[in-house]
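Worksheet: one structure, shown below.
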Amino acid sequence: MKKLFTVISLLLLPIWALQAQTLALNIEAPPELTITVISDGVLDFGSLLQNQGTVQIQLQDPQTETISIEGEHNRDVRVTIYPPPALQLDADNKLPFTLGAAYANDGEDNKNQATVFSGNTATFPIYQDDGGGPPPWAKGGKKGGGPPTSKAYLYIYGDITVGNDRAGTYTGTINISVEYD
Amino acid sequence: MQKATTILLLIFTAVSFTTLTAAAQDQNGGSSRISISASAQVVESIEMVTLRDISFSPVQPSQQTITIDPLSDTNTGKMVALGNADSQIRVSFVRERTLTHDSGTNSLTFTYEIAGNDEDDQSSAEILQTDNRDLTLNGNGEYYFWIGGQVNVENAKPGNYNGDFTIEVEYI
């Protein structure tokens, strides 16, 4: 009878323990980072003449691409941008590309408040409290519970140099990685 | 029984450790990636080439006006725009320009009339207004212009008059 009781205990206790751990996971999970391109997704330099020289899309220009980053409001994120060295027509015809990037983390899509990247990487809090009023989540927590979230905004721009290059459409891909720091 | 309890505690600890490690990886590994594209359209510069200047016949004393018909006169000026094949272009020009006498004291007003064609054929060209947006370079990247017009010489002082003609062509 004593042996039988021991066997039953071995079968039941681990099951109870696993259920408790599942509950703990739900509590600890942070909100996922959500990245959304809220412009048209194409950094378009338009039609350019041969030998036009350096052509810029600046931070304040309407062609600048805007991306929102939504995540837990009090977390830092690290943004890394991988720009192409050049826009290409083909292997022999390239327009050198220089990336420009900035972020706004005061809760608003506002280029005037943006901080320019130094290089291709930046680490910043998703929401930077500047003391200018209630934070975006002050009117209520995230729907369905969980920690409150906020949005930061990323602006992508840059310049290209057009020399005596062949006519045609030059393209490139800009990859952006965002992770909690 | 003592031995069995010890084994159970070891199992519980092992399960707990594994689960917490997984949670930590979710937090630190919470990353996302996205891509956008960059694009630029490079077009050839438009080059304007003057093929011949406007030619005025000597003015007779009784002549009141000189008229050069851009659709038929062989004295027209002729130009060609060279650029990207099949590209749409916008053409604009100032219709009236001043011709100045060599002495600099007298002038005449020349009123231009321009005909254009994507073929090198004056007779089938169309008269252009001062601002045209629906023109297209041909398959060789060419568009031709014939420049004529008229000027009143009734009270003109004898001598030579010079002036220029400016036409602006750009891609749309």
Exercise. Suppose R0 equals 41 Å; then what is the FRET efficiency for residue B:82 and residue B:109 from their Cβ-Cβ distance, rounded to the nearest 0.05?
Worked result: 0.85
For this session: Tabulate in residue order the Karplus-calculated ³J(HN,Hα) for segment A:100-115, using 6.51 cos²θ - 1.76 cosθ + 1.60 with θ = phi - 60°, rounded to whole Hz; enter x for Gly and Pro.
Result: x, 8, 8, 9, 10, 10, 9, x, 10, 7, 9, 5, 5, 9, 6, 9
Problem set entry | Residues of segment B:35-65 buried by at least 30 Å² on assembly (accessible area, 1.4 Å probe, chain alone as reference) | B:35, B:36, B:37, B:38, B:39, B:40, B:41, B:42, B:43, B:44, B:45
Exercise. Out of residues 5 or more away from residue A:101 or on other chains, whose amide H comes under 5 Å of its own, with H placed 1.01 Å from N in the peptide plane?
Worked result: A:117, A:157
For this session: Note the buried accessible area between A and B here, summed over both chains, with a 1.4 Å probe, in Å² to the nearest 100.
Result: 3500 Å²
For this session: Determine the principal axes of the Cα atoms in segment B:55-120, then give the extent along each, sorted from largest to smallest and rounded to whole angstroms.
Result: 47, 25, 16
Exercise. Which whole-percent values make up P(r) of segment B:49-158 when all C-alpha to C-alpha distances are grouped in 5 Å steps starting at zero?
Worked result: 2, 12, 19, 22, 17, 11, 8, 5, 3, 1
Exercise. Using a Förster distance of 22 Å, how high is the FRET efficiency between residue B:129 and residue B:73, based on the Cβ-Cβ distance and rounded to 0.05?
Worked result: 0.65
Problem set entry | Separation of the residue B:98 and residue B:55 label points, Cα + 7 Å toward Cβ, nm | 3.0 nm
For this session: Just subtract the alpha-carbon distance of residue A:169 and residue A:80 from 0.36 nm times their residue separation and send over the number in nm, one decimal.
Result: 29.4 nm
For this session: Determine ³J(HN,Hα), in whole Hz, for all residues of segment B:56-66 in sequence, where each value follows from phi through the Karplus function 6.51 cos²θ - 1.76 cosθ + 1.60 and θ = phi - 60°; x replaces Gly and Pro.
Result: 9, 6, x, 7, 7, x, 8, 6, 9, 9, 10
Problem set entry | Cβ charges +1 (Lys, Arg) and -1 (Asp, Glu), total dipole of segment B:57-172, debye | 500 debye
Seminar exercise, completed: Here segment B:138-154 yields Karplus 3J(HN,Hα) values (6.51, -1.76, 1.60; θ = phi - 60°; whole Hz; Gly and Pro given as x) of 6, x, 9, x, 10, 8, 9, 10, 10, 10, x, x, 8, 9, 8, 10, 4
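Hey, any idea what % of segment B:87-156's accessible area is carbon plus sulfur with a 1.4 Å probe?
On the way: 1140 of 3430 Å².
Roughly 33 percent of what the probe reaches on segment B:87-156 is carbon or sulfur.
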For this session: Report the FRET efficiency, 1/(1 + (r/R0)^6), for residue B:48 and residue B:155, where r is their Cβ-Cβ distance and R0 is 30 Å, rounded to 0.05.
Result: 0.35
Seminar exercise, completed: The correct pair for segment B:105-172, radius of gyration to one decimal and Dmax as a whole number, both in Å and from Cα atoms, is 15.4, 47
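The values are calculated or read from the model by the stated rules, or taken from the named source; none is laboratory data. Because the structure is a prediction, the values reported are computed rather than measured. With ideal geometry, Cβ positions are generated from the backbone for all residues, glycine too; neighbour counts draw on all protein chains shown. In case anyone asks, the SASA skips ligands and DNA or RNA and just uses the protein heavy atoms, side chains included. Shrake-Rupley method; radii C 1.70, N 1.55, O 1.52, S 1.80 Å.
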